[in-house]
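Only one structure is covered here, and it is reproduced in the block below.
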Amino acid sequence: MSRPRLMALALLLPGLLAACTGTDEGAVTLRLAVLTDGGATVRTVTTSSGGTTPAPGDVTVSVNGGVTLDTLPGGARLALTLAGGVESRDVNLANAAPFAALPFTPTCLTATALSAARDRLLTLNQCGTGGTVNGPQQLALYRTDGTLVWTATLPTFTPPIATPDTPPLRIAVIGNTGVVARPVVGGGSETIRVAPQNTGDIVATSSTPVRTVAIRDLAPSGSLIYAATDAGVQPLRDTGEPDPSRTVTAFGTGRVDRLWTSAGSGSVGNLFAAWRDATLGGDGSSQPLRLWDGARTSAVTVTFFSALRDVTFAPDGNLYALTRTDLRRYDTVFGLSQNNWREQVLLSGLNDARAVTWLVP
């Protein structure tokens, strides 16, 4: 195994390094779980740092209303968010264990976010009528063992007329505090912080919404939540607004639509990936997926995408990028040091893929 690979693995996940004996890069093995078919299917593919491993253990399961996937602490299980609730599953997508039931009637989960500390999961509930998601917005905060911390109902939401340029609704969590960014009438976004007023409260309190610039995405890193805005990547102030005085200069001051961090992927390290979705208020052209390691002065381009759906940073030193139709791997160690990303397509022919995460088989 090369010296750069050893250094990366030692930093990212010592447990995997300890399991890697000998010099064959293929000894480092992970399993990727992919939510595809518009949320109707979850499938796995086993990979090694040397390639895709044809594994009899790889499985495909049907699910009802899949929303997203998140790696749980230890990497041996994932959290599968379904419209009807959150459940934990093992590396074979079996042994489903439901998280605590929610007091929402009906239950229509639409998003889930993992904390940088990997100890909390925040999920958003919003139902609708006539195919439009327009019901009351409710939040639930879980510990990653599936126990419920609190629930809350957000202030009444008046959605703006949807256009390709309307900001999406995004959520993030830090400690026992949830953060919501949602679009507002007249343009831009508003942020809401939700937290228990007293220690141990099982019903949390929402702050007064704060009007902000358009927020396209949220992602955690360390003790901060970062926002993707039309003027670059900016951390949120404690009051909820993006802080332009602390713009991450490595990404410049252009619009960013999607933002991922290694912390948000359930992996340690300090990697940020940013992407501009030109299908939203743009010309639809392929745009660069840019990667920053927290140290260099400018982010580097991994490759170009026109239909990027999700990114996960895995503890084998690779970035896995999911488009609507395929799953690809990029070596961050050699990419950042030698501009050799060693791209490999792991899955192709996918149908409306939605989310990807990693597991330790």
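When the charge dipole of the chain is built from unit charges on Cβ atoms (+1 for Lys and Arg, -1 for Asp and Glu) and taken about the Cα centre, the candidate among Trp292, Ala79, Gln126 whose Cα reaches farthest toward its positive end is Trp292. Here the simple spin-label model places points 7 Å from the Cα toward Cβ, and for Ala40 and Ala231 these points are separated by 4.5 nm. How much net charge surrounds Gln137 when only other residues with a Cβ under 15 Å from its Cβ are counted (Lys, Arg +1; Asp, Glu -1)? With Lys, Arg at +1 and Asp, Glu at -1, the neighbours total +2. If R0 is 22 Å, the Cβ-Cβ spacing of Thr323 and Thr60 corresponds to a FRET efficiency of close to 0.70.
Of the trypsin sites (Lys or Arg not before Pro) found in segment 180-233, not one falls in a DSSP loop while having at most 15 other beta-carbon atoms within 10 Å.
Using 0.36 nm per residue and subtracting the Cα-Cα separation, the extra length available between Asp283 and Ser207 on full extension is 23.6 nm. Taking every protein chain into account, the accessible area of the chain amounts to 40 square angstrom per residue (probe 1.4 Å). Its Cα gyration tensor gives segment 177-273 an equivalent ellipsoid. The semi-axes, each the square root of 5 times an eigenvalue, are 23, 18, 10 Å from largest down.
Between the amide H of Arg309 and those of Leu322, Thr323, Arg324, distances stay under 5 Å, these residues lying 5 or more places away or on another chain, with hydrogens modeled in the peptide plane. Round to a whole angstrom and tell me the spacing of the C-alpha centers of segment 96-172 and segment 241-312. Result: 24 Å between the Cα centres.
From the P(r) of segment 266-361, could you give the percentage of C-alpha pairs in the tail past 17 Å? Here the long-distance tail beyond 17 Å is 51 percent of all Cα pairs in segment 266-361. Across the chain, C-alpha contacts under 8 Å between residues 6 or more apart give a mean separation that, scaled by the residue count, equals a relative contact order of 15 percent. Each Cα pair under 8 Å and six or more residues apart adds its sequence gap; the mean of these over the residue count of segment 176-223 is a relative contact order of 33 percent. Extension gain for Thr297 to Asp90 (0.36 nm times residue separation, less C-alpha to C-alpha distance): 70.5 nm.
The values are calculated or read from the model by the stated rules, or taken from the named source; none is laboratory data. Keep in mind the model is a prediction, meaning the values are calculated, not measured. Virtual Cβ from ideal backbone geometry, glycine too; neighbours counted across all protein chains shown. Ligands, DNA and RNA are stripped out before the accessible areas are found, and what is left, the full protein with its side chains, is counted by its heavy atoms. Shrake-Rupley method; radii C 1.70, N 1.55, O 1.52, S 1.80 Å.
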